Amino acid sequence: MSTNVIASPVVRDEWAERIDGLSDGTSLRRLLEGAREIPSLAIELITVGEQTGQLAEMFEKIAEIYDADVTAKLKRLLTLVEPALILGLGAIVGGIIASILTALLALNDVVGA
């Protein structure tokens, strides 16, 4: 098995420690039970996949669940950040308008004097 496809170094290290146990015939559930970085839901779905012989389908299900979870969290984060960005852009535009008006008023004082 190759751990090179795992992007996260923490998760990659977790898997690398457990690969030796797989070649000895140990259950994947037993190997993953002590893993800090692998959620318990994923371990339970892997267990069901091992018991039913549908491990590949369970890995796809895990990917779908966590993909939907990440998408929902990103939407929530963007919903919270969006008003702050609007206020920030409003402050920048307001600063530009104020500097233009100040320059025009100063020019009016120079021409009017």
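Throughout, read-outs are computed from the coordinates displayed, never taken from laboratory work. What you are looking at is a predicted structure, and each value in this text was computed from that prediction instead of being measured. Here the Cβ positions follow ideal geometry from the backbone for every residue, glycine too, while neighbour counts run over all protein chains shown.
Mind checking which helices (runs of 4 or more DSSP H) fall wholly inside region 1-72 and carry at least 1 residues that are of a type in the set (S, T, N, Q)? Even if it seems obvious, please write down each step before you answer.
Details: elements: 9-23, 28-32, 40-52.
Ranges flagged: 9-23, 40-52.
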Condition met for I86 (part of a loop (DSSP other than H, G, I, E, B) and either among the hydroxyl-bearing types (S, T, Y) or surrounded by 10 or more Cβ atoms within 10 Å (Cβ to Cβ) (or both)): no
Filter result for L80 (within 25 Å of the chain's Cα centre (by Cα) and in contact (Cβ under 8 Å) with a residue 12 or more places away in the chain): no
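Before we move on, is G49 under 30 Å from G25 (Cβ atoms) and exposed (fewer than 10 other Cβ atoms within 10 Å of the Cβ)?
Details: under 30 Å from G25 (Cβ atoms): yes; exposed (fewer than 10 other Cβ atoms within 10 Å of the Cβ): no.
Taking the combined requirement at face value, the residue does not satisfy it.
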